[in-house]
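> The structure that follows is given in the form of structure tokens.
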Amino acid sequence: MEWEMVVGLEIHAELNTETKAFCACKNAFGDEPNTHVCPTCMGMPGALPVLNKQAVIDTVLVGLSLGCTINERSYFERKNYFYPDLAKGYQITQMNSPICTGGGIHLSNGRFIRFNRIQLEEDAGKLIHGDVTKIDFNRCGVPLIEMVTEPDLRSVSEITEFLNTLKQTIMYTGVCNCRMERGELRFDVNLSIREKGASEYGARVEMKNLNSFKNVGLAVAYEYNRQVNILESGKCVDSETRGWNDSLGETFAMRDKEDVSDYRYFRDPDLPDIIIKPADIESIRRLLPEPISAKLSRYAAIGLDDSVCRQIASDKYIAEYFDTTLKNYYDPREVANWILKDVLKIYDGSQDLPSIISSESLASIIRMVAEGRLTRANGRVLFEEVVATHEDPEKLIKKLGIAGLVEESEIVSAISELMKLAPNVVDDYKLNPEKVINYAIGYVMQKTRGRARAEKIKEIIEEVFV
């Protein structure tokens, strides 16, 4: 029997607003535990929530970028459940009346993955497990958007492409940095299998709190095989919630799957309805950044190869850094080459690119190489020194003594010296020219402190050694 995977996703993205969703506490990661709390986010009796307007704007921005319908009226509900990191005993969310509905993402295979809704809610606190379990409530009340897809995904490759595209789209809006190592982007996967061609869904299993694309792929593949084995042995799959054990590479049962009725949703009496008028939507629409498709077209128009365009446009911050550097020195291919080969070797996604090297300093180095004030090799020496010291390139080039190009006679002199030190070098060249050329280039570069161009050294060697 042929089986078909049916997957729907719930993606949670923390908004990077200055304050929490319903109180004035600071929204910050990594601070001392339980220092950004107040009676409201701690659920104290009598404390009333006040909606963060920026969180609504950010939710609308994401919805517009994904082609959603923005509902003129929506409201908040209480999702009731007991868990230690939820101080109030309920979560403020929007199950039945979200801000955004519809929309979706087109995949490269032509399929369209639909969203059911995008809702604004609050995050829970964080459990810290050890000899005892501790609770950090700093995250409790942080604004969170939950994006729920229809069960449209059919393979690990579709899921991976969908999540990559979604992450890029969210990052481009600027409302979430999507740093998965910080929990800013998390995934729940709902998976069932059915006989290929069937219209009814199988028993749904939910896998909670997957925190990387890799783990999503591994968990989906494992769970698909587990369910196939159960069905082919004549048994039934239980509808349940499962976790992912990364070290064992397998899912594990956590609890029975809850029904909507288990959460006893009801409208939050302390929060008024959200009214978003058409004029408000158009005002927010004007905040949308240049879409990735338009950016790719623009980069192609200035002469970049398709693969280079995609590498730069894949990350909002890389694209912004490229555009800024280009304003300081307009040579698209060289700027892209330096960013992809040098800057991104140091960039790990957690720091700001200008904190590695400012776009002005990078542009200055590229210009020096283009004007012949530096060889490419010494340009990279200067680059490394600027990264280490953050000093001005013009001052460093004098301090390092690497400015300018050497005369041809100096290169010839260094090659002659090499021939005296290694009398067999010419014979070796005839046997293995590439090896000898590389060795000779290294020798001449050392003698000239990197001020000789490699291509000129090679040209002279080929004339002298033949």
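Rule-based calculations on the coordinates, nothing more; no lab input. Since this is a predicted model, take the numbers as computed values, not measurements. When we count neighbours, we look across all protein chains shown, and the Cβ atoms used for this are built from the backbone with ideal geometry, even at glycine.
> Work from the charge dipole of the chain (Cβ charges, +1 for Lys and Arg, -1 for Asp and Glu, about the Cα centre) and give the residue of Leu340, Asn71, Phe29 farthest towards its positive end.
Leu340
> I've got another one for you. So, in nm, how far is label Arg111 from label Tyr83 when the simple model puts each one 7 Å beyond its Cα toward the Cβ?
2.9
> Further question: Could you give the radius of gyration (one decimal) and Dmax (whole number) of the Cα atoms in segment 1-147, in Å?
17.3, 59
> Let me ask something additional. Membrane-span-like helices in the chain: DSSP H runs reaching 15 Å or more (Cα, own axis), mean Kyte hydropathy at least -1.0?
Span-like helices in the chain: 53-65, 156-173, 213-232, 316-328, 359-370, 376-389, 408-421, 433-447, 454-465.
> Label Lys53 and Leu248 with points 7 Å out from Cα along Cα→Cβ: what is the distance between them in nm?
Here the answer is 5.1 nm between the modelled labels.
> Moving to a separate point now. What ratio of Cα Rg to 2.2 N^0.38 Å holds for segment 408-465?
After normalising by residue count via 2.2 N^0.38 Å, the value is 0.98.
> Which FRET efficiency, nearest 0.05, do Arg285 and Thr160 yield, Cβ-Cβ r, R0 22 Å?
Efficiency at R0 = 22 Å is approximately 0.15.
> Could you tell me the relative contact order of segment 299-359? Use alpha-carbon pairs under 8 Å, at least six residues apart, and round to a whole percent.
Averaging sequence separation for qualifying contacts and normalising by length gives 32 percent for segment 299-359.
> Only Cα pairs under 8 Å and at least 6 apart count here; give the relative contact order of the chain as a rounded whole percent.
It rounds to 14 percent for the chain.
> Between Asn432, Gly303, Met147, whose Cα lies farthest towards the positive end of the dipole of the chain when Lys and Arg beta carbons carry +1 and Asp and Glu beta carbons carry -1, centred on the Cα centre?
Of the candidates, Gly303 comes out farthest on the positive side.
> Could you check the simple spin-label distance between Asp273 and Glu455, using points 7 Å along Cα→Cβ, in nm with one decimal?
In this crude label model, Asp273 to Glu455 measures out at 6.9 nm.
> Between Lys214 and Glu2, how high is the FRET efficiency from 1/(1 + (r/R0)^6) when r is the Cβ-Cβ distance and R₀ = 25 Å? Nearest 0.05.
Rounded to the nearest 0.05, the efficiency is 0.40.
> Where the Cα atoms of segment 292-400 are projected onto their three principal axes, how long is each span, largest first, in whole Å?
Principal extents (largest minus smallest coordinate, Cα): 44, 31, 20 Å.
> In whole Hz, with x marking every Gly and Pro, tabulate ³J(HN,Hα) for segment 76-91 from phi via Karplus 6.51 cos²θ - 1.76 cosθ + 1.60, θ = phi - 60°.
9, 10, 9, 9, 8, 7, 9, 7, x, 8, 10, 4, 6, x, 8, 10
> Can you work out the PRE-style zone for Glu410? Point 7 Å along Cα to Cβ, and I want the residues of segment 430-447 with backbone N under 18 Å.
441-447, by backbone N distance to the label point.
> Let me check I've understood the local charge: for Asp392, count other residues with C-beta under 12 angstrom from its C-beta, Lys and Arg +1, Asp and Glu -1. What total comes out?
-1
> Could I ask something else about it? Treating only the Cα positions of segment 311-466 as identical point scatterers, give the base-10 log of I(q)/I(0) from the Debye formula at each q in 0.08, 0.13, 0.18 Å⁻¹.
Cα-only, vacuum Debye calculation for segment 311-466: -0.30, -0.68, -0.99.
> If the convex hull of the alpha-carbon atoms of the chain is projected onto planes in all directions, what is the mean projected area in square nanometres?
31.4
> Give the list, by residue number, of cysteines in the chain with no other Cys Cβ closer than 4.7 Å, or say none.
Cysteines of the chain left without a disulfide-compatible partner: Cys23, Cys25, Cys38, Cys41, Cys140, Cys176, Cys178, Cys236, Cys309.
> I'd like the distance between the alpha-carbon centres of segment 50-100 and segment 168-208, rounded to an integer number of Å.
Between the Cα centre of segment 50-100 and that of segment 168-208, the gap is 18 Å.
> Which of the peptides 107-117, 174-184 is most tightly packed, and how do the rest follow, judged by the mean count of other Cβ atoms within 10 Å per residue?
Descending packing order for the listed peptides: 174-184, 107-117.
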